[in-house]
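Notes follow once the structure below has been shown.
The values are calculated or read from the model by the stated rules, or taken from the named source; none is laboratory data. Because the structure is predicted, anything quoted here is derived from the model rather than measured. Using ideal geometry, Cβ is built from the backbone for each residue, glycine included, and neighbour counts are taken over all protein chains shown. Note: accessible area is taken over every heavy atom of the protein model, side chains too, but ligands, DNA and RNA are not part of it. Shrake-Rupley method; radii C 1.70, N 1.55, O 1.52, S 1.80 Å.
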Amino acid sequence: MTQNIKFIQGNEVCVEAALYAGLTFYAGYPITPSTEIAEHLAIRLPLISGTFIQMEDEIASICAIIGASLTGNKVMTATSGPGFSLMQEGLGYAIMAEIPCVIVNVQRGGPSTGLPTNVSQSDVFQAQWGTHGDHAIIAMTASSHQDLFEITVDAFNMAETYRTPVILLLDEVIGHMRERVFIPEPGELPLVERLKTAFKEGVDYHPYLPREDGRLPMSDFGGIHRFNVTGLVHDMWGFPSNNPTIAKGLMHHLIDKINNNVHEIARYKEYHMDDASIILVSYGCSARSARHVVENRRKRGEKLGLIELQTLWPFPMHVIRNRCANARYILVVEQNMGQLVHLVKMNVARPDKVFLCNRIDGVFISPTDIRNVLRVIQGRGV
Amino acid sequence: MSRMRFVFSGSGGQGVITAAIILSEAAVLYENLIAVQAQAYGPEARGGATRSDVIIDDQEILFPKVTQPNFLVCLTQEAYHKFSPIVRPGGTILSDTRFVTIHKKSDARQIQLPLYETIMNEIKKPIVLNICMLGAVVALTQIVQQDSILNVLERRIPHEFIEMNKKALDLGIAMGESQRM
Amino acid sequence: MSVKKFIRERFFPHIWCQGCGHGIVLNAMLRALSALGISKNEIVVVSGIGCSARISGYVDFHTLHTLHGRALAFATGVKMSLPGLNVIVPMGDGDALAIGGNHFIHAARRNIDMTAIVMNNRIYGMTGGQFSPLTGYGMKATTAPYKNIDHDFDIAELSRAAGASYVARTTTYHVQQLTEMIKEAILHDGFSVVEVLSQCPTNFGRRNKMGGAVEMMESYKSLTTPIGSKAKQENPALIERGVFVQRELPEYCSEYNAIIEKLKKGTEK
Ligand SMILES: Cc1ncc(C[n+]2csc(CCOP(=O)(O)OP(=O)(O)O)c2C)c(N)n1
Ligand code: SF4
């Protein structure tokens with residue numbers, strides 16, 4: 001047996017990958033189906049002199065990780081639907097104050113307490129638009145444990161690169177399922193460490209003055225530079241400002257740093273896309289069933305292809321626009337009333353050729369569910 | 001190999017989920033096979049009938065849930081009532097003689113073994129019922145080597161309980177062997 | 001004693017109204033820090049949202065101006081990461097005990113080493129005079145135009161019950177005492193609460209016919225009394241000033257570090 005093979009739940013993969021990426025601080029509040037993340041980190045973090053703290057609620061949890069990030073830690077919290085709703089104000093704060101952090105939402109059915117122990121992918125829009133105000137966000141997902149490991153490391157890297165919260169949008173199936181995963185050796189996956197200012201003590205450090213490349217070097221709380229951090233619109237000192245020019249400039253900075261890098265941030269996989277005329281678009285656990293169908297149909301010579309999105313936000317429009325240009329039909333497979341399907345429709349020439357295959361009853365969408373929809377689209381009846 | 005789809009069912013506390021995990025770990029960690037394991041959570045997982053699905057193959061497994069098992073294990077009557085109808089025609093249902101009374105009609109091969117009784121006579125500890133059951137499953141399906149299961153047990157179980165578990169496994173294997181076709 | 005070295009002059013003028021008590025609290029806080037001689041780099045001030053919370057912007061420490069009610073949760077993240085820092089959390093009464101009430105009692109329960117300064121003006125100043133959990137029965141506020149039917153908290157009792165290990169109360173009239181209490185609170189190893197009655201002439205005094213800042217401050221003199229004084233026995237309506245709680249309890253960061261140390265020893269073996 002190789003040391004580096006593990007057979008573990010997706011939630012535990014997320015823990016392994018977070019630690020690999022350099023996680024040193026976790027704060028959270030228990031909620032199914034994310035709880036295993038907290039339970040494993042409660043064991044692991046003290047062993048590496050990191051911090052695990054169970055807070056009084058999810059609001060406090062996201063606030064605590066933001067505070068900890070400012071002292072130089074790589075930080076994470078994990079939750080599910082109701083807790084993710086409670087985190088939205090803090091998420092907006094992290095966006096505005098440009099605090100690197102990773103927020104895991106192992107999705108379950110909603111609204112409200114919904115279906116606590118069943119699968120759902122209905123927080124796709126909440127991940128982008130849950131917090132108030134204009135903003136850009138990065139949200140990622142994965143459909144297998146191996147991908148989940150890499151995407152989790154990516155999430156930490158992007159949080160540092162863009163100084164922003166990154167949302168890992170997992171689901172109950174991936175979170176709870178056990179599957180093989182190879183843990184890479186240290187150094188095998190690149191890690192992005194925090195960009196820190198080179199300014200010496202006594203030199204004026206402007207915490208919110210971007211460098212030429214748009215990045216903002218940080219200085220740890222407790223270090224040699226003292227500055228203000230606020231959720232209000234602020235100037236380069238981090239001091240509140242009502243100045244319209246500053247407000248406009250800041251808004252552009254916050255959105256452009258992400259949306260102008262969509263090509264860098266977009267992660268996706270393609271299967272049998274070269275000559276595909278029927279294209280399935282899916283993500284997370286649903287992509288497993290979608291791929292099952294595509295592989296089987298290919299064996300019968302049918303020209304099906306799959307685009308599996310791993311970056312959901314910023315929405316990789318270019319991928320859909322370019323790869324779906326010649327599709328006869330596009331079928332979006334997701335476990336909600338239709339969320340990503342709207343984005344796909346917005347980015348193709350013929351939205352009337354885009355169909356939805358979904359399940360909203362807490363039952364994991366199966367290859368049979370997808371086959372049934374394909375038959376209807378192809379005019380073969382059910 | 002052809003894909004094996006297992007459903008392990010029983011009641012909370014019988015260790016059916018642990019058995020499912022041990023079997024899949026043995027396949028993945030020691031036999032270079034592919035496996036996925038899933039289980040029911042929430043109200044379904046409290047008290048009543050517990051269920052864990054395992055798929056083992058040498059090919060990639062995409063859809064991780066079992067809709068029609070080739071091999072169903074039932075350790076309670078309730079689990080048997082609930083899950084025996086979903087077994088594949090030609091599949092196998094393994095149940096415990098003490099806890100389950102079987103229906104006559106089924107397209108599956110039905111095997112009843114005195115797992116509980118044997119454990120109570122020989123070891124006197126109901127806690128290893130699941131490992132005994134696993135022994136029978138391994139003997140009946142030959143899906144993994146016994147050694148692979150032993151390797152997993154040695155990694156997961158505290159030293160002082162290893163002997164008891166090995167014994168339970170052997171008892172299960174012996175009972176399983178007696179029923180192999 | 002000059003406290004000017006602690007001020008970010010660039011960020012002045014401040015936003016507070018004339019006569020607002022919050023400036024007095026700022027002054028007392030800076031005097032306490034100056035007297036203690038703590039290096040500026042070792043001080044973190046975390047605040048929420050409100051007139052009171054603006055205090056953080058004006059001081060030349062590591063300052064974190066956060067969300068309404070959540071300052072203690074942010075501060076917990078900072079303190080757990082770097083237990084060596086002195087963490088001070090100035091809060092309004094609404095900030096601390098309405099929207100932030102849950103964080104307040106849990107920070108106290110953990111006895112995490114930080115100093116919460118509750119600037120109690122009995123009103124939501126920043127949003128223009130709505131009643132807070134400290135406004136009190138029978139008072140007026142924009143959202144209690146027919147008099148308030150909500151009863152108030154006793155912050156000292158609440159803090160004690162929640163587990164704070166240092167609890168004191170004074171007013172902006174008693175500046176010397178305030179400075180001393182903040183000093184003690186910062187030195188205390190555990191969760192410390194200093195409640196300061198701080199006047200809001202604009203939104204509380206005016207509406208409740210209490211006069212201006214001067215009259216309000218004078219009332220702090222006449223309506224309060226040292227803890228356990230004879231005056232209190234004669235007039236139970238008087239508000240007590242002084243240190244209510246000062247006890248040694250295990251501090252949260254130390255407890256967590258003890259676990260880490262124990263684990264380290266365990267793995268060395
Ligand atoms: C989530 C949220 N709800 C409401 C507000 C609006 N708000 C800002 S300050 C404040 C009350 C401030 O009162 P207090 O904390 O007592 O401080 P003061 O201004 O009196 O010093 C309120 C309600 C907010 N900023 N955020
Ligand atoms: S409104 Fe009240 S609390 Fe706010 S600055 Fe004015 S006087 Fe102070």
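Points worth noting:
- In terms of its C-alpha gyration tensor, region A:124-184 comes out oblate, because a/c is 1.5 or above while a/b does not outweigh b/c.
- Amide H contacts of C:His62: C:Ile43, C:Val45, each under 5 Å away and 5 or more positions distant or on a separate chain (H built 1.01 Å from N in the peptide plane; Pro and chain starts excluded).
- Spread over its residues, the convex hull of the C-alpha atoms of region C:96-234 is 117 Å³ per residue.
- Backbone phi angles across region A:314-329, fed through the Karplus curve with coefficients 6.51, -1.76 and 1.60 (θ = phi - 60°), yield HN-Hα couplings of x, 5, x, 4, 4, 5, 5, 4, 6, 7, 9, 4, 9, 6, 7, 9 Hz in residue order; Gly and Pro are listed as x.
- Peptide C:98-104 has a mean of 2 when you count, residue by residue, the C-beta atoms of other protein chains within 10 Å of its C-beta.
- Cα-based reach from B:Lys166 at 21 Å (exclusive), listing lysines while leaving out same-chain residues under 8 positions away: B:Lys124, B:Lys125
- Cross-link pairs A:Lys299/B:Lys65; B:Lys65/B:Lys105; A:Lys299/A:Lys353; A:Lys257/B:Lys65 - those with Cα-Cα distance over 32 Å: A:Lys257/B:Lys65
- For chain A, the solvent-accessible area of protein heavy atoms averages 36 Å² per residue (probe radius 1.4 Å; ligands and nucleic acids excluded).
- Amide H contacts under 5 Å for A:Val332, placed H, 5+ residues apart: A:Val281, A:Phe355, A:Leu356, A:Cys357
- Cα gyration tensor category, rounded, prolate or oblate, for region B:57-181 with a/c compared to 1.5: oblate
- Sequence ranges C:128-137, C:48-57, A:58-67, B:118-127, ranked by mean other-Cβ count within 10 angstrom, highest first: A:58-67, C:48-57, C:128-137, B:118-127
- For chain C, size of Cβ-based charge dipole, Lys and Arg +1, Asp and Glu -1, in debye: 360
- Accessible area per residue in Å² at 1.4 Å probe, computed on chain C: 41
- Inter-probe distance in nm under a simple model that places probes 7 Å from Cα toward Cβ, at A:His253 and C:Lys232: 5.1
- The simple Förster model, with R0 at 35 Å and r as the Cβ-Cβ distance, assigns B:Gln77 and B:Glu122 a FRET efficiency of 0.90.
- Modelled spin-label separation between B:Asp107 and B:Gln179, with each label point placed 7 Å from Cα along the Cα-to-Cβ direction: 2.1 nm.
- Among A:Ala325, A:Ala198, A:Ala247, the residue with the largest mean-square fluctuation in a Gaussian network model of chain A, with springs joining Cα atoms closer than 10 Å, is A:Ala198.
- When the square roots of the Cα gyration tensor eigenvalues are ordered a ≥ b ≥ c, the ratio a/c for region A:1-40 is 1.5 or more and a/b does not exceed b/c, which makes its shape oblate.
- Protection-proxy order for peptides C:183-194, C:111-122, each taking the mean of Cβ atoms within 10 Å per residue, highest first: C:111-122, C:183-194
- Alpha carbon centroid spacing (whole Å) that separates region C:47-72 from region C:193-251: 23
- Normalised per residue, the volume of the convex hull around the Cα set of region C:4-265 (Å³): 123
- Within the protein assembly as shown, antiparallel bridges make up roughly 30 percent of the DSSP beta bridges whose residues both belong there.
- Residue (of C:Asn235, B:Asn121, A:Thr311) at the positive-pole extreme of the protein assembly as shown, dipole from beta-carbon charges: A:Thr311
- In degrees, nearest ten, helix C:213-222 long axis to first principal axis of chain C (Cα): 80
- Overall, the accessible surface of region A:82-239 at a probe of 1.4 angstrom is composed of carbon and sulfur to the extent of 56 percent.
- Rg(Cα)/(2.2 N^0.38 Å) for region A:1-265, N = residue count: 0.99
- Pairwise FRET efficiency - C:Asp150 versus B:Thr67, Cβ, R0 = 56 Å, nearest 0.05: 0.45
- In terms of the mean number of neighbouring beta-carbon atoms within 10 Å, the peptides C:223-229, B:140-146, B:128-134 order highest first as B:128-134, B:140-146, C:223-229.
- Here the 3J(HN,Hα) profile of region C:95-108, calculated from phi with Karplus coefficients 6.51, -1.76 and 1.60 at θ = phi - 60°, is 4, 6, 10, 9, 5, x, x, 5, 5, 4, 5, 6, 5, 5 Hz, Gly and Pro shown as x.
- Taking every residue in A:214-224 and counting other chain Cβ atoms within 10 Å of its Cβ, the average works out to 3.
- Shielding of C:51-60 by partner chains, average beta-carbon count, 10 Å: 2
- Eligible lysines near C:Lys40 by straight Cα distance, threshold 22 Å, same-chain separation 8 or greater: A:Lys196, A:Lys200, C:Lys4, C:Lys5, C:Lys79, C:Lys183
- Of the solvent-accessible surface of region A:270-379, computed with a 1.4 Å probe and all protein chains present, 49% belongs to carbon and sulfur.
- Selected from A:Glu150, A:Glu334, A:Glu201 as most flexible by GNM, with chain A as the system and alpha-carbon contacts under 10 Å: A:Glu201
- Whole-Hz couplings from phi, Karplus 6.51/-1.76/1.60, listed for region A:255-265; x for Gly and Pro: 7, 5, 4, 9, 5, 6, 10, 4, 5, 6, 7
- Region B:32-101, relative contact order in percent, only Cα pairs under 8 angstrom and at least six apart counted: 27
- Net charge dipole size for region A:5-114 [Lys, Arg +1 and Asp, Glu -1 on Cβ; Debye, nearest 20]: 240
- Here chain A carries DSSP beta bridges of which approximately 25% are antiparallel, counting only pairs with both residues inside.
- Cα principal axis extents for the protein assembly as shown, largest first, Å: 98, 69, 57
- Beta bridges per DSSP with both ends in chain B, % antiparallel, nearest 5: 50
- By the helix-only formula, in which each DSSP H run with n ≥ 4 contributes -39500 (n - 2.57) and the sum is divided by residues, chain A has a 222 nm mean residue ellipticity of -11000 deg cm²/dmol.
- Reduction of at least 20 Å² in accessible surface, 1.4 Å probe, comparing all protein chains with the chain by itself, residues of region A:63-106: A:Cys63, A:Ala64, A:Gly67, A:Thr71, A:Glu89, A:Tyr93
- Reachable lysines, given that their alpha-carbon falls under 21 Å from the alpha-carbon of C:Lys230 and they are not under 8 places away in the same chain: C:Lys221
- Accessible area that becomes buried as C packs against A, both chains, 1.4 Å probe, Å², nearest 100: 3300
- Length-normalised contact order for region A:270-379 - Cα pairs under 8 Å, 6+ apart - percent: 29
- Over region A:270-379, the pair-distance histogram of Cα-Cα distances with 5 Å bins from zero comes to 2, 13, 26, 28, 20, 9, 2, 0 percent, rounded to whole numbers.
- A versus B: buried accessible surface, summed, Å² (probe 1.4 Å, to nearest 100): 2000
- The 1.4 Å probe gives accessible areas that order A:Arg350, A:Arg359, largest first, as A:Arg350, A:Arg359.
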